[in-house]
Amino acid sequence: MPIIDLGGLGIPADEGLELHLVRSEKRLCGVTVVQGFTALQLQAFHALPDRNWDVIRGELSAKITRGGGSAKDCAGPAGVEIRASVPTASSTWLRSGMILGL
């Protein structure tokens, strides 16, 4: 499958896929990938040497748990990932997901 190269992000080019570029001060800072009724916003961030994925993953898991959810580390195709469940107060909330990693 061909890859759309956005610098720090590579998006598989799939039929029916829409890309909406996210800009900040005339710079590309992310992309929203839309297919059908599903959208996923992706952003690449520069990681500081003392803020690697192990540190960030632990902080995210702790924040999710403090908020009443559950989080656990799992092996994924790109390495260790977080699998989480986050409660919402109402069915009228918009659910948003974020994927972090390499």
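Observations, loosely collected:
- Length added when fully stretched, A78-K26, from 0.36 nm per residue minus Cα-Cα: 15.7 nm
- Within-13-Å neighbourhood charge of L60 [Cβ basis; K, R +1; D, E -1]: +2
- The stretch 19-24 - phi-based ³J(HN,Hα) in whole Hz, Karplus 6.51/-1.76/1.60, Gly and Pro as x: 10, 10, 6, 9, 10, 9
- Fully extending the segment from L17 to L48 would add 7.9 nm, taking 0.36 nm per residue of separation and subtracting the current Cα-Cα distance.
- Nearest-0.05 FRET efficiency for K63 and I3, computed from C-beta distance (R0 35 Å): 0.60
Bear in mind that the values in this text are calculations on the coordinates, not laboratory data. These numbers come from a predicted model, not from an experiment. Using ideal geometry, Cβ is built from the backbone for each residue, glycine included, and neighbour counts are taken over all protein chains shown.
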